[in-house]
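S.K.: Sending over a structure as structure tokens; questions will come in a sec.
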Amino acid sequence: MSGTIAIVGVLYFIACAGIATWATRRTTTSGAFFVAGRGVGVWVMAIAAMASSLSGFAFIGGPGLLYARGLGAVYIILPAAITGTLTAWVLGRRLRLLAEVRGVVTIPEALGVRYRSVLVRRLAGAAIVIATVGYVATNFLALGLVVDAVFGTGVVPGMVIGAAVVIAYSTAGGMLAGVYTDLFQGALMAGASLLVFVVATADGGGLAAQGRSILAADPGWFGPWGNAPPLAALSFFFVFGLGTLGQPQVLHKFYMLRDPDRLRWYPAIMTSAMLVTLLLWVAVGIAMKAAVASGAPALARPDDATTTFLLTRAPVLLAALVLSGVAAAIMSTVNAFLNLAAAALTRDIPVRSGHDDRVMLRRGRWATLAVALLALVLALRADTLVALLGVFAWGLFASALVPALAFGMVWEGATRAGALASMAVAIVGTLLLEGAVHERALTLPAGVNGSGVMLLVSLLVFLGVSWLTRARAAGELDADVRLVMRR
Amino acid sequence: MTGRRVGWFLLVSGLASLAVGYLLAALGSSGTLAASCGSYAVAATLAGTFLLAAPGRTVSRGLALVAAVVFGVLLAGFALALGLPVESAEGPLLLGLPRRAAIVLLGVGLLPALVLPWAYARAAAADPLDAAAIRALVEECERLRREAPSS
């Protein structure tokens, strides 16, 4: 542990605590807790959406995957040039207007309104809670590694310390605290990534020299698909492209925007911030592969790519900033998911609205605490279940929510039966498929990934069942919701 | 064929193409055919989804252009990646990157970002969501709910 890294780490946590304290004092209603009082500007909203959609994987796992597998690993992030605009065009305006017209606060609530179905709302809420617990548990584990790397606490104490901080501000300040800490964290992530990009592309004689070193040592690595089959890379693009339309931590941000007319700038801000923040992924992966190709010692594990680069080839202050950036990425993601799960537990699974606001606020805080503690207990067990749940989460959001929500909001012919069937197939199928692959009971053919299969299957089920039950479609869609869908 | 119909065609044919690609991979077929199916699937499903997002029944010129850019850039990028010859360490580089890597990173991964957000901003400006427009929408929705038969 370096003194500089520890000092920057302490300053980072102090800044987060300061923002959270400020926001917590303003969190006096359930509206502030769940949707930041619908008072957020488009810059804050877009950068918070970026911060909450990138976990620590973007800084640690991503560069490691690129180092290990070659260019095929970037197909996870290539869709970022498209997804901000896609999300705004398909769902941004419609979800925001639904909030104006029906007072909708959560994604499951929007689904319930769309299909006039409490069951659809409950099933979507259940999917969010299940996936959130797993996702938060894996992020707590990652946070433990980062706190240990910065302060030398050991992984388990580091996990408890990091979790305590994020639980404190998520429980007290809800989404209002979350969205402003996200702004700070997102700016830190983007700034650190940009600096690392400058340092990494100058490393080893520059990008051209790095490219020639890699081509000489491992030409397949720098091929357009890396060292994996092309279909593997394309499956990543499919899942992380279309699947973004089902990521509630991003979609939920549309409800928070103060002025819906400013939504027009969301894709430009979100896409720019995302691309800048993802520069680290590409630059560190290439720089470390080139360094090893040029004679540097091979990495013990691919996930060591970022830390090895920072500790051996970058200024210590930059290493400190990036490690704080990793903590920022993890904490912003955790906060967003805790808030989503709390909203699902208090408003969607037991369908409630119009209750005493103080009661809803108190329930929201207790639900946040409960989900966070459950995730922490799972993370502390540190068995294979946690890793499985982490893998399960992203795929589940994509396969459970994309068909019913994204295509349901643009297709008046979608039916309740189609939505229920696709969500049920997604929940059961994702758990079985990912579980079987994780436990090595099933091996998918080269190039096929489980999340891609389940997204494909749930889309086909949704389209097929909706088409078979198309006679009911008009009767299941309220006229005002239809009007919103046509805007 | 209307814009939305093109959207449906692209979406359904893209999903079918991906299913065929996965099936070919499962049957142990050569990578190129499965990759071609996957390339078309990715380009078609995303472009089709853009077209289906059109508000109302018609697709505006701006949205059609966006869908065309997405479809064209992705399909051309993947086709070049599949079709161009393998580079050597001594071969020419494009902005410091091997040619096919540059096409993937800069063409597929960056080019759409230079077009799509601005096309969205322009389309949204043509149909503003100012306070008066939202108030009118809310009032219209309230009227529709009042007139709807109770269920």
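The values are calculated or read from the model by the stated rules, or taken from the named source; none is laboratory data. Source: prediction; values computed, not measured. Cβ sites come from the backbone with ideal geometry, for glycine too, and all protein chains shown count toward neighbours. We work out accessible area using only protein heavy atoms, side chains counted, and drop any ligands, DNA or RNA first. Shrake-Rupley method; radii C 1.70, N 1.55, O 1.52, S 1.80 Å.
S.K.: With the crude spin-label approximation of a point 7 Å out along Cα→Cβ, what separation in nm comes out for B:Ala132 versus A:Ala209?
M.R.: For the pair B:Ala132/A:Ala209, the computed spacing is 6.3 nm.
S.K.: Relative contact order, percent, of chain A when contacts are C-alpha pairs under 8 Å separated by at least 6 residues?
M.R.: 31
S.K.: Using a 1.4 angstrom probe on the protein heavy atoms only, line up A:Ser272, B:Ser17 by accessible area, largest first. Don't skip to the end; give the middle numbers.
M.R.: Working: A:Ser272 65, B:Ser17 20 Å².
Per-residue accessible area, sorted high to low, gives A:Ser272, B:Ser17.
S.K.: Under a point spin-label approximation (7 Å from Cα along Cα-to-Cβ), what is the B:Ser13-A:Ile7 distance to one decimal in nm?
M.R.: 6.3
S.K.: Let me ask you something else. Output the residues of the range A:82-115 meeting this criterion: accessible area (heavy atoms, 1.4 Å probe) in the chain alone minus accessible area with all protein chains in place is 30 Å² or greater.
M.R.: A:Ile82, A:Thr85, A:Leu86, A:Trp89, A:Arg93, A:Arg94, A:Leu97, A:Glu100, A:Val101
S.K.: Rank by packing, highest mean first: peptides A:103-115, B:51-63, with packing defined as the count of other Cβ atoms within 10 Å averaged across residues.
M.R.: The densest-packed peptide leads the list: A:103-115, B:51-63.
S.K.: Now a separate question. Going by accessible area, probe 1.4 Å, with all protein chains left in place, what is the ranking of B:Leu114, A:Leu455, largest first?
M.R.: Ranking B:Leu114, A:Leu455 by accessible area, largest first, yields B:Leu114, A:Leu455.
S.K.: Taking Cα pairs under 8 Å and at least six residues apart, what relative contact order does the range A:397-480 come out at, in percent? Spell out each step's value before the answer.
M.R.: Working: 98 pairs, mean separation 38.9, N = 84.
It rounds to 46 percent for the range A:397-480.
S.K.: Spelling out what I want: for every residue of the range A:199-208, take phi, set θ = phi - 60°, compute 6.51 cos²θ - 1.76 cosθ + 1.60 (Karplus), and round to whole Hz; glycine and proline get x.
M.R.: 5, 5, 6, 8, 5, x, x, x, 4, 5
S.K.: Take every residue in peptide B:9-22, count the Cβ atoms of other chains within 10 Å of its Cβ, and give the average of those counts.
M.R.: Working: counts 0, 0, 5, 3, 0, 4, 8, 2, 0, 10, 4, 0, 9, 10.
If you average over the peptide's residues, the count of other-chain Cβ atoms is 4.
S.K.: Express the carbon and sulfur contribution to the solvent-accessible surface of the range A:138-245 as a percent, rounded to the nearest whole number, probe 1.4 angstrom.
M.R.: Result for the range A:138-245: 77 percent of the exposed heavy-atom area is carbon or sulfur.
S.K.: Please work out the FRET efficiency for the pair B:Leu94 and B:Trp118, using the Cβ-Cβ distance as r and a Förster radius of 22 Å; give the result to the nearest 0.05.
M.R.: 0.30
S.K.: Which whole-number value in Å² is the accessible area per residue of chain B, probe 1.4 Å?
M.R.: Per residue, chain B has an accessible area of 48 Å².
S.K.: Enter the mean number of other protein chain beta carbons within 10 Å of the beta carbon of each residue in A:199-212, as an integer.
M.R.: Taking all residues of A:199-212 together, the mean is 2.
S.K.: Can you pull the percent of chain B's accessible area that's carbon plus sulfur, 1.4 Å probe, other chains left in place?
M.R.: So the carbon and sulfur contribution to the accessible surface is 66 percent.
S.K.: Still on this structure, please answer the following. Counting only the backbone N, which residues of the range B:56-74 are under 11 Å from the spot 7 Å out from the Cα of B:Glu140 toward its beta-carbon?
M.R.: B:56
S.K.: Please report, as a whole percent, how much of the solvent-accessible surface of the range A:79-128 comes from carbon and sulfur atoms (probe radius 1.4 Å). It would help to have the intermediate numbers written out before the result.
M.R.: Values: 470 of 870 Å².
Carbon-and-sulfur percentage of accessible area, whole number: 54.
S.K.: Before anything else, pin down the relative contact order of the range A:80-191: Cα pairs under 8 Å, at least 6 apart, normalised by residue count, whole percent. Numbers along the way, then the final one.
M.R.: Values: 58 pairs, mean separation 12.2, N = 112.
Rounded, it is 11 percent for the range A:80-191.
S.K.: Something else about it: Checking an interface number: how much accessible area is buried between A and B, summed over both chains, with a 1.4 Å probe, in Å² rounded to 100?
M.R.: In total, this chain pair buries about 6200 Å².
S.K.: For q values of 0.06, 0.07, 0.08 Å⁻¹, compute log₁₀ I(q)/I(0) with the Debye formula on a Cα-only model of the protein assembly as shown, without solvent.
M.R.: Taking Cα atoms of the protein assembly as shown as identical point scatterers yields -0.29, -0.40, -0.53.
S.K.: May I pose another question? Before rounding to the nearest 500, sum -39500 (n - 2.57) across all DSSP H runs of length at least 4 in chain B and divide by the residue total; then give [θ] at 222 nm in deg cm²/dmol.
M.R.: Values: 6 runs with 106 residues, N = 151.
The helix-only estimate for chain B comes to -23500 deg cm²/dmol at 222 nm.
S.K.: A follow-up question, please. What does the average come to when, for each residue of peptide A:472-478, you count the partner chain Cβ atoms lying within 10 Å of its Cβ?
M.R.: Neighbouring Cβ atoms belonging to other protein chains average 1 per residue here.
S.K.: Any idea of A:Met485's accessible area? Nearest 10 Å², probe 1.4 Å.
M.R.: Spelled out: A:Met485, probe radius 1.4 Å, area about 10 Å².
S.K.: Add -39500 (n - 2.57) for each DSSP H run of 4 or more in chain A, then divide by its residues: what number comes out at 222 nm, to the nearest 500 deg cm²/dmol? Spell out each step's value before the answer.
M.R.: Details: 21 runs with 343 residues, N = 487.
That comes out to -23500 deg cm²/dmol.
S.K.: Placing unit charges on C-beta atoms (Lys and Arg positive, Asp and Glu negative, everything else neutral), compute the dipole magnitude of the range A:140-285 about its Cα centre in debye, rounded to 20.
M.R.: 260
S.K.: Moving on. Could you tell me the accessible area of A:Met270 in Å² (1.4 Å probe, neighbours in place), rounded to the nearest ten?
M.R.: Solvent-accessible area, nearest 10 Å²: 10 Å².
S.K.: For B:Leu94, what residues show an amide H to amide H distance below 5 Å, using hydrogens built from the backbone and excluding near sequence neighbours?
M.R.: Residues meeting the criterion, in which the H sits 1.01 Å from N, are B:Arg99.
S.K.: In addition: Given the options A:Ala190, A:Gly72, A:Gly413, identify the residue whose Cα lies farthest towards the positive end of the charge dipole of the protein assembly as shown (+1 on Cβ of Lys, Arg; -1 on Cβ of Asp, Glu).
M.R.: A:Gly413
S.K.: Express in Å², to the nearest 10, the accessible area of A:Thr308 obtained by rolling a 1.4 Å probe over the protein heavy atoms while all chains stay in place.
M.R.: A:Thr308 exposes around 40 Å² with every protein chain in place.
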